[in-house]
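Engineer: This structure is in structure tokens; I'll ask about it shortly.
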Amino acid sequence: MSGAVPPRELGPREPGPNRPLRVLTAGHSYVTAANRAIAREVARDPAFEVTVAAPAVYHGDFRREVCEPEQAGSPLRIEPIPARWTRRVHVFRYNARVLRRLTAGGGFDAVHAWEEPYILAGYQIAKAAAAAGVPYGFRSAQSLNKTYPPPFRQFERAALRTAAGWVAGGSLVFENLVSRGYPERTGRIITLAVETARFRPLPPEAKRAVREELGLPGPLIVQLGRVNEDKGVRVLLAALEGLGERPWGLLMLGNGPLEGEVLRWAEARGWGDRVRVGAVRHEEVPRRLAAADLLVAPSQTTPHWKEQFGRMLIEAFACGVPVIGSDSGEIPRVVGDAGRIVPEADAAAWTRVIRELLDDPAARADLAERGLQRCGQYSVAAVAERWKDFYRDLAAAGSAGAAAGAAG
């Protein structure tokens, strides 16, 4: 066992209001410490003890990631679990023996899987919770009604039978899952969150320093996320061509299969000094995003994907950066009146809206202020309160089930 909280054996679950509610939350994204902000906030509440389980090693999109420790003073307990086949998210698996031992021996009141219910790892968590007799719930971000082949269809059904509650990452996800037969009564919507202590506005001199460091001209346009067709990269390039020779700089914070195409596009037009593409360390993202004049999110709907939420939108809000988003998936619902929405595949409309905002500092300032106000509902503190309610309800479902069993 590793992490900021010293290891200790947890006793059995005991009823009563005088001890913290013990939660186990497990998921491969927890390999990265930055992805534990919500769990960390929940654990700061003395009414909760939170254990986070993650693969000891996970192969992300571009690199091998070792489970990061927590900083000194963190309230979280971290449990790295050996895992296999981590290059393929649908079939990667935790070491079943270690997972079962953790779930059964932790004295937990609730188990939460931050894994999709139809993948093998999600099924494993559901199975371990059922074997331990601990109430279980999961989170899903599936916004399209897909038919899963065996064995994934069976994994999903088994997880649903086991779950005392489930969480949808957005309103479209919730609507889709209810249409698939997920019980509406036990579901709720809890979105992603933004760490407003990390993502915050930069003063003008700090913005200038970042741009000089990047060697990019202004005004600066940022796209944050995968550099692929789903994220609208080709639509954005077409829109920028429509701006003509007016000045702009483009920073794409991410990796993906279209990186080379973007760079060749820029060089062919004599714009090589205007464009930078590539992922950066998690801790570098906030200051680079906050240096932007605009965030663009031209996500595209495909037969197999549409934008499930768009965390980059709320990160831009928190940084005081005006947002332009497409009408794909959840984006319009996240943005509300705090940004501009553009038809996803209409490059000419993208050119027009980008030009309008670049030419109108007052409109950008208005959107920036609206975004700062809107990001409050997406702050880690606000979202953590919703997770606390979910964990309490999971634990209560377990207590009610135990009472019914004793009465029977």
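Engineer: Given points 7 Å out from each Cα along the Cα-Cβ axis, report the residue 197 to residue 19 separation in nanometres with one decimal.
Structural biologist: Between residue 197 and residue 19, the label points sit 2.9 nm apart.
Engineer: Shifting gears a bit: Kindly provide the helix-only [θ] at 222 nm of the chain, computed as the sum of -39,500 (n - 2.57) over DSSP H runs of four or more divided by all residues, to the nearest 500 deg cm²/dmol?
Structural biologist: -11500 deg cm²/dmol
Engineer: Return a whole-number percent for the relative contact order of the chain, with Cα pairs under 8 Å and 6 or more residues apart as the contact set.
Structural biologist: Result for the chain is 14 percent.
Engineer: Between residue 337 and residue 179, with labels modelled 7 Å along Cα→Cβ, what's the label distance in nm to one decimal, could you check?
Structural biologist: Using points 7 Å along Cα→Cβ, the separation is 2.9 nm.
Engineer: Report the semi-axes of the equivalent ellipsoid for the range 50-160 in whole Å, largest first, where each axis is √(5λ) for an eigenvalue λ of the Cα gyration tensor.
Structural biologist: In descending order the semi-axes read 23, 19, 13 Å.
Engineer: Right, another one. Between the range 51-106 and the range 280-294, how many Å separate their Cα centres?
Structural biologist: Computed from Cα coordinates, the inter-centre distance equals 28 Å.
Engineer: Right, next: Checking understanding here: applying a Kyte-Doolittle mean of at least -1.0 and a length along the axis of at least 30 Å (C-alpha), which whole DSSP H helices in the chain pass?
Structural biologist: Result, helices passing both filters: 380-407.
Engineer: Could you run the Debye sum over the Cα atoms of the range 130-283, one equal point scatterer each and no solvent, and tell me log10 of I(q)/I(0) at q = 0.18 Å⁻¹, two decimals?
Structural biologist: Per q value, in the given order, log10 I(q)/I(0) is -1.06.
Engineer: In Å, what Rg and Dmax follow from the Cα atoms of the chain?
Structural biologist: My reading of the Cα-based Rg and Dmax gives 22.4, 77 Å.
Engineer: Still on this structure, please answer the following. What order do you get for 157-164, 269-276, 359-366 when each peptide is scored by the mean count of other beta carbon atoms within 10 Å, highest first?
Structural biologist: So the order, starting with the most tightly packed, is 157-164, 269-276, 359-366.
Engineer: Could you work out Rg/(2.2 N^0.38 Å) for the range 204-378, with Rg from alpha carbons only?
Structural biologist: 0.94
Engineer: Note the direction-averaged projected area, equal to a quarter of the hull surface, for the Cα convex hull of the range 358-398, in nm².
Structural biologist: Values: hull surface 14.0 nm².
Result: 3.5 nm².
Engineer: Another question about this same structure. Would you kindly compute the Cα radius of gyration of the range 195-274 and its largest Cα-Cα separation (Dmax), both in Å?
Structural biologist: 13.7, 40
Engineer: With the alpha-carbon atoms as the only input, what is the per residue convex hull volume for the range 103-208 in Å³?
Structural biologist: 155
Engineer: Place the peptides 258-268, 129-139 in order of packing, highest mean first, counting for every residue the other Cβ atoms within 10 Å and averaging per peptide.
Structural biologist: So the peptides 258-268, 129-139, ranked by packing, come out 129-139, 258-268.
Engineer: May I pose another question? Could you check what % of the DSSP bridge pairs in the range 13-105 are antiparallel, to the nearest 5?
Structural biologist: Roughly 30 percent of the DSSP beta bridges within the range 13-105 come out antiparallel.
All of the numbers you see were taken from the coordinates with simple rules; none came from a lab. Please read all numbers here as calculations on a predicted model, not as lab measurements. Cβ atoms come from the backbone with ideal geometry, glycine included; neighbour counts cover every protein chain shown.
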